[in-house]
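Taking it in order: structure first as structure tokens, then the write-up.
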Amino acid sequence: MLERRTQKTQPPQMYQVVMLNDDYTPMEFVIVVLQEFFSKDREQATQIMLKIHLDGKGVCGVYSRDVAATKVEQVLDAALKAGHPLQCVSEPVE
Ligand code: TYC
């Protein structure tokens, strides 16, 4: 008989979307992306952008796997279209 522990439904693994710093993407573009795709207000977006600028990377939000993957796609697509090298990745939390 299986132990009760093994029968419990685990909460889904969550993924954080991490944005990376670079020397070329304008600060304003990053702020707009954070507002548009991560539902941040202008002040939150500015704080996150500055953290990334100073620390090299920063978490934009935590989502289920599919939503996180979509956010990454949206950011990379917007950056490509605007001609900026902005990069972001999704990674499992913990
Ligand atoms: N470092 C960039 C600059 O000085 C700004 C920037 C911030 C770029 C965050 C990317 O994820 C980023 N223009």
So which residues in the stretch 31-42 are open to solvent by less than 30 Å² (accessible area, probe 1.4 Å) and either more than 19 Å from TYR63 (Cα to Cα) or at pLDDT below 95 (or both), if there are any at all? ILE31
Name every residue in the stretch 20-60 that is touching a Gly at 6+ places or on another chain (Cβ under 6 Å), in contact (Cβ under 8 Å) with a residue 12 or more places away in the chain and not aromatic (Phe, Trp, Tyr), in order of residue number. ASN21, ILE48, ILE52
Among the residues of the stretch 10-17, are any open to solvent by 70 Å² or more (accessible area, probe 1.4 Å) and farther than 20 Å from GLU91 by Cα? no
Filter the stretch 81-94 down to the residues that are surrounded by fewer than 14 Cβ atoms within 10 Å (Cβ to Cβ) and among the aliphatic types (A, V, I, L, M) and list them by number. ALA82, VAL93
Filtered residues of the stretch 42-54 (kept if among the charged types (D, E, K, R) and over 12 Å from VAL18 (Cα atoms)): ARG42, GLU43
Name the residue, out of ALA78, ALA45, ALA68, that is among the small types (Gly, Ala, Ser), surrounded by 14 or more Cβ atoms within 10 Å (Cβ to Cβ) and touching a strand residue (DSSP E or B) at 6+ places or on another chain (Cβ under 7 Å). ALA68
In the stretch 18-30, the residues that are open to solvent by less than 80 Å² (accessible area, probe 1.4 Å) and near the ligand (Cβ under 9 Å from one of its atoms): MET19, LEU20, ASN21, ASP22, THR25, PRO26, PHE29, VAL30
Residues satisfying the stated conditions in the stretch 48-60, i.e. surrounded by fewer than 19 Cβ atoms within 10 Å (Cβ to Cβ) and either β-branched (Val, Ile, Thr) or closer than 21 Å to GLU94 by Cα (or both): LYS51, ASP55, GLY56, LYS57, VAL59
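The values are calculated or read from the model by the stated rules, or taken from the named source; none is laboratory data. Everything numeric in this text was worked out from a predicted model, so none of it was measured. Positions of Cβ are backbone-derived with ideal geometry, glycine not excepted, and every protein chain shown enters the neighbour counts. Remember, those area values only see protein heavy atoms, side chains included, never the ligands or the DNA or RNA. Shrake-Rupley method; radii C 1.70, N 1.55, O 1.52, S 1.80 Å.
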